[in-house]
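Report on the following structure.
Every read-out reported here was derived from the displayed coordinates using simple, explicitly stated rules and does not represent laboratory data. Quick caveat, the model's predicted, so the values are computed rather than measured. Don't worry about glycine lacking a Cβ; one is built from the backbone with ideal geometry, like all the others, and counts go over all protein chains shown.
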Amino acid sequence: MRRPLVLSILLHLAIVLVALVGIFRPRLPSMPQEVAPVVDVLTVAELTRAPAPAPAEPAAPVAPAAPPAAKAEREARQDDAVVVPKPPPEPVKREPAPKPPTPAAIEPIRQAPPPPEPPRQAAPRPKPEPAKPVPPQKQEAPAPVKQAAAPPPPPPTPAPAPVKTVAKPAPPPEPAKVPAKVNELPAAKQAPVQKPEPPQKREPTQKAATPAPERKAEPQPRPPEPPRVAEKKPDEKKSEEKKPDEKKATEEKKPEPKADFDSVQKAIHELGRQATAEKRPQPQAQPSASAQNGAKPQARKADEAAPASPLDQQFARVIGKAPAAAPAAAAAGREVSQAVSMSEIDAVRRQIERCWNLPPGLKGDGDLKVSIRVEMNANGTPRAARVEASPQMNASASYRATAESALRAVLNPRCHPFNLPAEKFDRWQTMTLVFDPKEMLGT
Amino acid sequence: MRDAVWRRLQAMIGAVALALVVVAGLPAAADLRIDITRGVVEPLPIVILPFPSAGGDQASDVGTEITNVIAADLERSGLFKPLDPRPLSVSQPSLDTLPMFANWRLVNTQALVHGRTTALPDGRLKIEFRLWDVFAEQEMLGRAYSTPAGNWRRIAHVIADAIYKRITGEDGYFDTRIAYIAESGPRSRRTKRLAIMDQDGANHQFLTEGNNLVLTPRFSPSSQDIAYLRYADSQPRVHIRNLTTRADEALAGIAEITFAPRYAPDGERLIVSMAVDGNTDIYTYDLSDHTRRRLTTTSGIDTSASYSPDGRQIAFNSDRGGSLQLYVMDADGSSVRRISRGDGRYATPVWSPRGDLIAFTKTQGGQFHIGVMRPDGSGERLLAQGFRVEGPAWAPNGRVILFFRQEPALNDAQGGRSRLFTVDLTGQNERELVTPLDASDPAWSPLRP
């Protein structure tokens, strides 16, 4: 009687365990591959307030007697406004094997038929009427502003003016309807260079498997092809990576300001490296913080390296049958189960507030509250962040500006790493940051 | 025996239930939420790389000039901090490839603009640019313009407007013009001319010769007409000058003194102050049929009327209550209510293009102030002050106010300089708008068509 009962209980307990571990185990919601800010496609009319295509005048050069401004505007009137229908904006494409850039990468501007010309607003032509001088019979009160009272009497002028004067010293500016043809550019291609990783985000084990490019191996400006900053070509970049000596020689030829700035950069690198080493004695794999999609598999290593899951430890403690090999893990799990304290949350809040540069002057007439979902690395830097979907994102320019400023605050490396306890990583490995500018806007 | 088993069973069931409670609480606890309600207001660091030429030296020079104009526009707004790209040892990306975002992040660049100019075979100029969000590694904007080569400056303003709008969410105001009164000569024989220029002071031109005193220019919504006050035959009359045809005519059908003109939002009417039988009231003037309609009927002086953007309300100043104060009425003249409640005298209300604020001039304690308040009179804020600051005019996006500031005059020939200034709604970003001569009574055009 007693034995079957115990077996039955154990069997039921096992079923409950399986159900708990298999069904109710907390899972983090996967981060959709969403790009938060989308490209705004504006029409030419919206951009230039262009009422109509210009009159079909020959594109002949303007008479040399015309002043530069009038000439420019007259020329502008000869242009047609062309709106190239564009597909919805796409996020930046990153091709694994990018093609070297070619001038033909930009699609030729397709000229769409000009939009119909809206009726031009007729300029008022009030006809002059013989002026009947009616002297003001009322003494108007003095006012601090010219318009506040009747206009002051005319001061003596050098020469008496005719009643109606059209002559003027300089020809007036002519209306320029459309400044130019406007086209949306095609999406840029992945640069044919490997994206460098921040120096403080390297992991020795990962380095052995897939060596990350050293900072010295990063592409450097080539001898000035453009006047100020050199442009890099893909093949040259590869050769530079293989030949660091050549790169050093190139660096020696840099002008003095660049050398100064390099020293600043190096100092920043060193500071960041030291800070990281002090705060995170055992850094995890860190891909670059990006709003797009971080390397999730790498981040999951943190979970694998961590002790047994909190659920398992909790259950083991509850039933008092923790495995003998896991006392340390159970102790660690007891710490992990602690919630992030309010002081720790406040510390992170203060960090982010320092980097949230809200565009001033936003209209506060709507709900501008923005939620950003952040996946964190174990070292306190964001691995991926995205604006949670909102219908206002594409409907309100103010909302989108707010959302993008919030995203920049989250991704700003100057505010990383967040001051959160490493032992509570499971509590903040995914967080939701809610940005509400209502208080700042005073609405 | 049975009781012992039952007690054990109860203990185990209790343990399982407790485990369930603990497990059920875990998922909620894992989702940390932090509310951020404060931030900073600082200029956004942005790098605008020189637009290299893809078709000749001339285009290269123009490309540098274009970037200079864009950077100056954005910097003057106070919302951007253009970084000089020359000391940055970061390679300039090609327009067709992604920039090296990590490098730009190291120098705290949050936005990056790069572009290209190409001299086309037909003599025109092709200008392309892209705007990048460096932290999000996203392209925010990418456009190409084909324009006559002499039009590059305006294209630079158009690009600056596009960048401004994309990042701030507000319309820009760089492709606009400013009309004002240019003053010269001693104070006893001041010559005043109507002048016009781009919002950055470029392309300056005089529209009148200075034979007549002119005051208070106001742009039409189409920005092709200017209504202004002009003394002709010693009588102040409102004139309208067309910038296209150069026609300059007084309002037809009105023989009385008219002044303080301003266009209705639809551009089909003017609202003016008119002195009839010694009483100054506010009238509307239909530009098509030349009819007028009286809106105020009190014995006080009602002037400086300004329409709300939707055309349904009118702000004006009046001394009907004993001192100069601001009032708002419906467009038909009904429902007049006073909105200024502070000490001092209020004048020249100008309704913001956004509709959310009214700018005004205030005198108190011997000082002049430029301020703003909500249409109901609440939220009064003073943005600028001085010996004499007057004539507020809104930028078309309602974020910046243009006004003039006059210094005290030492004598007839010395001192008393009058200059134009802009100030944003924070009151922190005040900039002088340099003009060739003394300047007063500014007016800001809408965005150019």
Calculated FRET value between A:GLU388 and A:LEU13, using beta carbons and R₀ = 35 Å, to 0.05: 0.30
Label model pair B:PHE387, B:ILE13: point-to-point distance (7 angstrom along the Cα→beta-carbon line) in nm is 9.4 nm
Connecting every pair of Cα atoms under 10 Å apart in chain B and solving the GNM, the largest mean-square fluctuation among B:ARG341, B:ARG320, B:ARG33 falls on B:ARG33
If you count, for every residue in B:166-175, the Cβ atoms of partner chains within 10 Å of its Cβ, what is the mean? 6
Exercise: per-residue mean of other protein chain Cβ atoms within 10 Å, B:354-363: 2
Rounded to whole Hz, the Karplus (6.51, -1.76, 1.60) HN-Hα couplings of the stretch B:365-376, x for glycine and proline: x, x, 10, 9, 9, 9, x, 9, 8, 6, x, 8
Work out from phi, with θ = phi - 60° and the Karplus expression 6.51 cos²θ - 1.76 cosθ + 1.60, the ³J(HN,Hα) of each residue of the stretch A:385-393, listed in order in whole Hz, and give x for Gly and Pro. 8, 8, 7, 5, 4, 8, x, 6, 4
For A:THR381, which sequence-distant residues (separation of 5 or more, or a different chain) have an amide H within less than 5 Å of its own amide H, given hydrogens modelled in the peptide plane? A:PHE418
Furthest towards positive pole of dipole, B:TRP444, B:SER323, B:LEU229, structure part the stretch B:177-444, Cβ charges: B:SER323
Residue separation times 0.36 nm, minus the C-alpha to C-alpha distance between B:VAL41 and B:SER188: what's the value? 48.3 nm
Here, B:ASP31 and A:ARG2, labelled 7 Å along Cα→Cβ, have an inter-label distance in nm of 4.8 nm
Subtracting the Cα-Cα distance from 0.36 nm times the residue separation, let me have the gained length for B:ARG374 to B:ALA54 in nm, one decimal. 110.1 nm
Once the Cβ-Cβ distance between B:THR245 and B:SER288 is put in as r, and R0 is 22 Å, what FRET efficiency do you end up with, to the nearest 0.05? 0.80
In whole Hz, with x marking every Gly and Pro, tabulate ³J(HN,Hα) for the stretch B:443-449 from phi via Karplus 6.51 cos²θ - 1.76 cosθ + 1.60, θ = phi - 60°. 9, 10, 7, x, 4, 6, x
Report, by chain and number, residues whose modeled amide H sits under 5 Å from the one on B:LEU433, excluding near sequence neighbours (fewer than 5 apart, same chain). B:LEU420, B:PHE421, B:THR422
How much FRET efficiency would the formula 1/(1 + (r/R0)^6) give for B:ARG417 and A:GLU353, where r is the Cβ-Cβ distance and R0 is 25 Å, rounded to 0.05? 0.05
Sort B:VAL272, B:VAL389, B:VAL41 so that the residue with the fewest other Cβ atoms within 10 Å of its own Cβ comes first and the one with the most comes last. B:VAL41, B:VAL389, B:VAL272
Across peptide B:370-377, what mean number of C-beta atoms from other chains lies inside 10 Å of a residue's C-beta? 0
